Every structure is written in C-alpha cells, then in structure tokens.
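Data block below; observations after.
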Amino acid sequence: MRLQSIPLALLAMFTVASVASAQSDQRLPVDIYNFLRVEYDDNVYTTGEGVAADKVESFKIIEQLELLFDTERNNTYFGVNYSPSFVYYEDRPDDSSDLNHQLDLILNQQISRRTKLQVKDTLRRAEEPGLVEDDVQIRKNNDFFYNSLNANVETQVVPEKTSVRVDGRYAVMRYDEDDVADASDYDQLTGGVDLIQVLAPNTTASGQVRYTTLDYETSFRDSDSVQVGAAFSKIFNPKFQADLRGGYEYRTADNAVEQDSHSPYVDGSLVFLPARDTRLTVGAGYSQDKSPVNTFALQRRARVYGSFSRPLSAALTLNLTGSYSMGDFDADDATTLYDPATDTDGDETVLQFSSRLSYQVTVRNWIQASYQYTELESDVRPDSDFDRNRVSLGWKYSL
C-alpha cells in the first residue's frame, strides 16, 4: 500500500499528538478519544448491479477523533460531541481522501419546577456517498450537508400526573452538485403536541398530534401530513420495558396521482436487560414515509430491527445491530415524473447488519474488529441493486 505524503503526515500528526497526551496524567478539559483503523470496503461507491461501471473496492485508513464536552450548572446541562474523521483510500479513482465532520449539541434547561426545555442539534458535513437518517441509508455519490434541529418544552399541568409537551423538528439536506441537489435537496418541518398521563408507577400513556411539511428543491415529492395517535410506555420490572406508538396519518401530495392518502402507523419496541451490561432491543414498525426516488411521492414502509450487547468476558464485548425494511411503492403514489413505458411500481428492501468485537487492553485502550453488510433490492430502480461488505480492525484509546 503506497501512501501519499500528505495523508501520511496527517495520520502521524494525529497519532503522535494523541499518544503524547495519553502519557500525561494531566486532566484535559474535554474527553478525547482517538480511533485509528484499517478497513476493507468492497463497494465504496455502492455501485448498482445494473450500472455499466464495475464496483470499486479499496483498503482504507481511517483516522477519527472524538471530542466530548459536557457541563451541568444549576438547572442547565450542555453537551458537545464533535467527531472529525480523515479517510484515505488506497484505490479510489479521482479522489483518494475524504474529510468528514459530525457535530451533536444537547441543551437541557429546567425552566421552572414544572417546566423543562430540551434542544438537540445534529450536523453532518461529509464527502462520502452515504448517510443514515431515520434508520434509512441515503445513497448519493456527492458531498452533502445535513442538519436536524429538535426542540421540545414539557410542563406538568398536574404535578407528577399530567404533562403537556410541545415539540418541533427542522431538518435540511443540501448536496453540493446542482444536478443532485435539484432532485434531492429538501426541507422538512414537523410540529406536535403530546398530552401525557401517568397511569401508575412506571406506566405512562399519551395522546399525540403531529403535522409535517416536506418541501423539495423540485416539487414532485412535496407533501403535507397530519398524524393523530397515542403512545404507551411501561417498565414491567428492572429487566423488561415496552414502548408502543400508533395512530392514523393523513397525507396530501399535490403531484401524486392520488393526491390524498391515509394509512395507519405503528411502532413498538421491547427492551430486555437479562444480566449486568447485557441489553437486547427488538422492534417493528409500519408507516407512510418519504420516498427515496422522485418518481414516487411516498412509500409505505414496514421495518423490523434489533440490537444486542453483551460482555463475553471481563475485557471482551460483543455488539450486534440489524434491520430489515420493505418499502411498497404504489402507482397511485406516482408523481408526474412517472412514465408507465419505462417505470414500474413494486417493492424495495434494505438489509443492514453490523457486528463489533471490542477488547479492552487497558483502562484507556481498546482493540476493535467490526463487520458491516448492506444490501438493497428494488423493483422501482433495479439498476441500483447493490450489496456492500466492510471489514475493519482498529485501535481506540482515551486521552
């Protein structure tokens, strides 16, 4: 593997600085983690099977820092997680490196004895063809900017019994290249109100109303929707918890064949804690969702997911996550871009699985091995069918 001088110098700089700091006993104002790993990726561009170009495979060197800062004073909590990463590709045409940024901000404010404010902002700036948003992998071979701002205010109307929560979310997606941006840039604004009632210790129920407007750069997939439903949460015992949410959604898409659509939605999850440091989560859901292809205004998506974490020994930990989703694209939801001569409706399935083994060598050092698999099979865009395998080995340490 031949490394260019600039990537090698950057990697050396990060590593030397991190090791030097790790050898010092001085307490840093932030928690800093360094994660250096080597990865094999057999489809770096997630090239579809129907595309004339062959898949591009490459070994990668990934240098990632994670800076964590949080402070709590009086009634205010503030947290920051900033994680830049530098990726060098051994064999990727045109561009051999990426520089990516992830920033998460959290603010919790106890306004009064009965009222609290929570704000969270998620920002991603990346030079890679992938982003997981709402558990769906977005695939565009283009640099992008993504930001999601979430806020809610909750106040107790009846202390320890009845609360009202008002929440909102504003998300934006911006691609760098004009042709990609014209088809895929969007703004999404959601607002809602929950009436929450404590039924018994560790048991709550709520009624919910949500309004969402989705506005694309081109208006083919624009929509407005209203959800009316309820949620239920119960901690049965310290080792078992259940959450359920469901209701009905009414959506208007002006550019669809059938402009008005309605559908039930449901999402439920179970959390098991069978032993110390062991956690199993399983869940399933069904709802109308935004469409990843601009020939349809929406999809009806069913999904199952799960995660498992368990220590295999005092130093070795196993983590597994997986999800399987199936989107139903119906001709009634087609936009004016849909051409019956060349386009088709049908299903699209996405399978994602990842596993990680983490071995704690010392208090500050971990060795991690991981595997990730992604597969897409689609009736509505068959040329985009792809599978992708990634295997990595890395060293993570805390400064």
Could you tell me whether any residue of region 226-248 is part of a loop (DSSP other than H, G, I, E, B) and either in contact (Cβ under 8 Å) with a residue 40 or more places away in the chain or among the hydroxyl-bearing types (Ser, Thr, Tyr) (or both)?
no
Can you name the residue in region 189-210 that is under 25 Å from the mean Cα position of the chain (by Cα) and surrounded by fewer than 18 Cβ atoms within 10 Å (Cβ to Cβ) and is also farthest from residue 270 (Cα to Cα) among such residues?
189
Within region 258-282, the count of residues that are in a strand (DSSP E or B) and in contact (Cβ under 8 Å) with a residue 40 or more places away in the chain comes to 1
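How many of the residues making up region 93-127 are of a type in the set (Asp, Glu) and either crowded, with 16+ Cβ neighbours inside 10 Å or over 16 Å from residue 61 (Cα atoms) (or both)?
The first filter runs over region 93-127 and keeps only residues of a type in the set (Asp, Glu), leaving 94-95, 98, 104, 121, 127.
Keeping just the survivors that are either crowded, with 16+ Cβ neighbours inside 10 Å or over 16 Å from residue 61 (Cα atoms) (or both) gives 94, 98, 104, 121.
Total satisfying the criteria: 4.
Across region 348-382, which residue is surrounded by the fewest Cβ atoms within 10 Å (Cβ to Cβ) among those that are closer than 30 Å to residue 315 by Cβ, of a type in the set (Val, Ile, Thr) and touching a residue at least 40 places away in the same chain (Cβ under 8 Å)? Talk me through it step by step, then tell me what you get.
We begin by selecting, within region 348-382, every residue closer than 30 Å to residue 315 by Cβ; these are 352-374.
Now drop any that are not of a type in the set (Val, Ile, Thr), which leaves 361-363, 367, 374.
Add one more test, that the residue is touching a residue at least 40 places away in the same chain (Cβ under 8 Å), and what stays is 361, 374.
Numbers: 361: 12, 374: 20.
It comes out as 361.
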Only one residue in 345, 379, 385, 332 is over 22 Å from residue 43 (Cα atoms) and out of contact with any helix residue (DSSP H, G or I) (no Cβ under 7 Å at 6 or more places or on another chain), so which one is that?
332
Condition check: under 21 Å from residue 292 (Cβ atoms), acidic (Asp, Glu), assigned to a strand (DSSP E or B) and touching a residue at least 12 places away in the same chain (Cβ under 8 Å). Does residue 182 satisfy that?
no
Contacts under 9 angstrom Cβ, first residue in region 89-109 being closer than 17 Å to residue 54 by Cβ and modelled with pLDDT under 90, partner aromatic (Phe, Trp, Tyr) and in a strand (DSSP E or B), 6 or more apart:
91/59
Any residue in region 331-345 that is surrounded by 16 or more Cβ atoms within 10 Å (Cβ to Cβ) and in contact with a Gly (Cβ under 8 Å, 6 or more places away or on another chain)?
no
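Rundown of residues vs (1) in contact with a His (Cβ under 9 Å, 6 or more places away or on another chain); (2) buried (at least 18 other Cβ atoms within 10 Å of the Cβ); (3) not basic (Lys, Arg), yes/no style:
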| position | (1), (2), (3) |
| --- | --- |
| 212 | no, yes, yes |
| 215 | no, no, yes |
| 223 | no, yes, yes |
| 242 | no, no, yes |
| 249 | yes, yes, yes |
| 256 | no, yes, yes |
| 261 | no, yes, yes |
Among what's in region 296-318 and is hydrophobic (A, V, I, L, M, F, W, C) and in a loop (DSSP other than H, G, I, E, B), pick the residue that is surrounded by the most Cβ atoms within 10 Å (Cβ to Cβ).
297
Being assigned to a strand (DSSP E or B) and of a type in the set (D, E, K, R) is the filter here, so list the residues in region 319-344 that pass it.
328
Please determine, by comparing only the residues of region 383-399 that are more than 18 Å from residue 32 (Cα to Cα) and among the polar types (S, T, N, Q), which one is surrounded by the most Cβ atoms within 10 Å (Cβ to Cβ).
384
Among the residues of region 41-59, is there at least one that is part of a strand (DSSP E or B), of a type outside the set (S, T, N, Q) and farther than 30 Å from residue 117 by Cβ?
yes
Note on region 71-89: residues surrounded by fewer than 16 Cβ atoms within 10 Å (Cβ to Cβ) and either outside any strand (DSSP E or B) or in contact with a Ser or Thr (Cβ under 7 Å, 6 or more places away or on another chain) (or both) are 74, 75, 78
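If you go through region 374-393 one residue at a time, do you hit one that is in contact with a Lys or Arg (Cβ under 7 Å, 6 or more places away or on another chain) and either within 30 Å of residue 334 (Cα to Cα) or modelled with pLDDT under 95 (or both)? Steps first, please.
Looking only at region 374-393, we keep the residues that are in contact with a Lys or Arg (Cβ under 7 Å, 6 or more places away or on another chain), and these are 374, 392-393.
Next, only the ones that are either within 30 Å of residue 334 (Cα to Cα) or modelled with pLDDT under 95 (or both) stay: 374.
Checking region 374-393: at least one residue is in contact with a Lys or Arg (Cβ under 7 Å, 6 or more places away or on another chain) and either within 30 Å of residue 334 (Cα to Cα) or modelled with pLDDT under 95 (or both).
The values are calculated or read from the model by the stated rules, or taken from the named source; none is laboratory data. All values derive from a computational prediction rather than experimental measurement. Here Cβ is always computed from backbone atoms with ideal geometry, including for glycine, and neighbour counts include all displayed protein chains.
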